[in-house]
Every structure is written in structure tokens, then in C-alpha cells.
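What follows is one structure encoded as C-alpha cells, with my remarks underneath.
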Amino acid sequence: MKLVTHSYLEGFYYKPRVDYELLSKYNSELIALSGCVSGEIPKLILENRIDDAINVALKLCEIFGKENFYLEIQDQNLEEQSIINPKLIEISKKLDIPLVATNDAHYLNKGDHTAHDVLLCIGTRTTLDDKERLQFATPEFYFKSKEEMFEIFKEIPEVLQNTIEISKRCNLKIPMNLDLLPDYEVPKNYDLNSYLEKICREGFKKRYPEPSDEARKRLELELNVIKKMGYSGYFLIVW
């Protein structure tokens with residue numbers, strides 16, 4: 001959770017990011033996987049930089065401990081995976097790093113592929129006939145059954161056994177029914193409620209130079225609800 005927090009608050013650039021230094025700082029009791037085709041090791045394999053891929057694997061073993069790092073193997077019938085997976089198996093044997101099979105699931109059923117495609121278009125403001133748009137190359141990114149996964153990896157069934165071993169080791173308990181929001185620093189002489197109110201009233205004047213009574217009442221109502229529910233900090237964070 002600390003890594004995620006830092007990645008959003010300090011490492012965000014289009015996406016939340018962390019570096020090796022941060023991984024080393026918060027590596028305690030973590031299990032790490034090498035990632036999908038977009039991961040660092042698979043990308044190096046695709047660039048035929050096998051020695052560099054090996055060095056990254058060794059570095060991650062050093063950070064997390066050899067017993068806590070796994071090379072991640074997936075198969076959604078992607079052309080890239082036909083290149084990546086054999087090399088991952090080779091590296092696994094060479095470095096004695098265990099392999100674990102995962103399923104890159106983005107929707108529930110195989111039949112949801114088209115609906116997911118449409119949602120991607122909506123999210124990226126493109127159309128289905130746009131050849132340059134973001135899309136998934138195969139309809140295999142659905143939640144597969146145990147039987148399907150064993151069929152896919154029938155030549156190396158131990159990679160599925162490792163998923164069970166990892167799940168047995170995971171025991172994180174996140175406290176529920178608690179407000180776990182990061183602290184928002186407000187300017188001097190303000191608290192969360194008064195600073196949110198200041199921002200809202202300033203924005204209200206800009207948006208409504210001559211506000212109606214209905215707009216004024218709506219502002220007061222929503223501010224009161226937010227403050228009463230204790231969400232002023234949340235609204236300041238996402239503002």
C-alpha cells in the first residue's frame with residue numbers, strides 16, 4: 001500500500017510509477033511477478049536483449065529475495081508470447097527462478113470481447129473502424145476456468161501449482177470500514193472544511209456571475225453534506 005501511495009503521489013506521470021530504489025525500500029513481505037508482455041523482462045526479450053533480461057531478473061531476485069520473485073508466464077495466443085514464453089522458461093531454468101502462470105483477465109466471459117472492444121473505444125474516444133486505436137489482439141483476455149488453464153499449460157503444469165503456493169502465502173488483511181485517506185495539507189489558517197468551502201465559493205462565482213437561488217441552495221446543500229460526511233479531504237485530494 002505504501003508503494004501504491006508513493007507511485008500516485010510522487011511517481012505519477014500518465015500512470016503511477018515506482019523505481020528500484022522504492023521497491024528496495026518497501027520490499028518487506030512482498031511477492032513479486034515479472035509482469036505481462038508489457039513488463040520490463042518480456043520487453044527486453046522481444047528486443048533480443050536476453051542478457052539484459054537476465055540481469056533484471058537477478059536484480060529483482062536481489063530486491064525481493066529469490067523465494068519471493070517469480071517469472072510470470074501468460075498465453076492469450078499473442079504473437080509476442082510465442083517469442084517471450086520459451087525464453088522465460090530458459091531463464092527460469094538457467095537462474096533457478098520459479099515460473100508462475102497467470103491469466104490476464106480484462107472481462108468475465110469470452111463472449112464479452114466485443115463489448116470490451118466497444119468500451120475501449122469509448123474510453124479512448126475512437127471508433128471500431130479506426131485501425132490505429134487501442135485494441136486487444138485476441139479474444140482470450142477473459143476469466144478462464146481451472147480446466148482451461150491446465151489445458152493451456154499442460155506441458156508445464158508446475159506453473160499452475162505455483163499459483164496455489166503463492167495464494168497460500170498471501171495473508172494480507174485490510175481493515176474495513178475505516179477512512180484511509182492520505183492527509184491533505186491545507187494553507188495556514190484553514191482546516192479541511194473551510195478550505196474546501198473557500199475553493200467552492202470562488203469557483204461558484206466564476207461559473208455563476210449571477211447565480212440563481214436554486215444554484216445557491218444547491219451549493220449550500222452539497223457543501224453541508226460533504227462536511228457532515230467527513231469527505232472534505234477526499235474532495236480536496238481529487239480536486
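If you go through the stretch 51-64 one residue at a time, how many are without any contact (Cβ under 8 Å) to a residue 24 or more places away in the chain and surrounded by fewer than 17 Cβ atoms within 10 Å (Cβ to Cβ)?
4
Just checking, which of Leu44, Leu58 is part of a helix (DSSP H, G or I), within 30 Å of Glu151 (Cβ to Cβ) and in contact with a helix residue (DSSP H, G or I) (Cβ under 8 Å, 6 or more places away or on another chain)?
Leu44
If the Cβ limit is 9 Å and pairs must be 6+ apart or interchain, which residue in the stretch 86-99 that is of a type in the set (S, T, N, Q) pairs with which residue that is in a loop (DSSP other than H, G, I, E, B)?
Close Cβ pairs satisfying both conditions: Ser92/Pro98.
Within the group Ser38, Ser7, which residue is in contact with a Pro (Cβ under 7 Å, 6 or more places away or on another chain) and either crowded, with 17+ Cβ neighbours inside 10 Å or among the polar types (S, T, N, Q) (or both)?
Unique residue meeting the criteria: Ser7.
For Leu58, only one of the following conditions fails: (1) within 24 Å of Lys154 (Cβ to Cβ); (2) at pLDDT 95 or above. What is its number?
That leaves (1) as the condition not met.
Mind counting the residues in the stretch 69-84 that are within 22 Å of the chain's Cα centre (by Cα), part of a helix (DSSP H, G or I) and either crowded, with 17+ Cβ neighbours inside 10 Å or free of Cβ contacts under 8 Å to residues at least 24 places away in the same chain (or both)?
Residues that pass the stated criteria total 2.
Counting just the residues of the stretch 216-226 that are surrounded by 13 or more Cβ atoms within 10 Å (Cβ to Cβ) and of a type in the set (A, V, I, L, M), which one comes out nearest to the chain's Cα centre (by Cα)?
Ile226
Working only within the stretch 197-239, note down all residues that are touching a Cys at 6+ places or on another chain (Cβ under 7 Å) and touching a residue at least 24 places away in the same chain (Cβ under 8 Å).
Leu223 - this is the single residue of the stretch 197-239 that is touching a Cys at 6+ places or on another chain (Cβ under 7 Å) and touching a residue at least 24 places away in the same chain (Cβ under 8 Å).
The values are calculated or read from the model by the stated rules, or taken from the named source; none is laboratory data. On a predicted model such as this, the values are computed, not experimentally measured, just so you know. Positions of Cβ are backbone-derived with ideal geometry, glycine not excepted, and every protein chain shown enters the neighbour counts.
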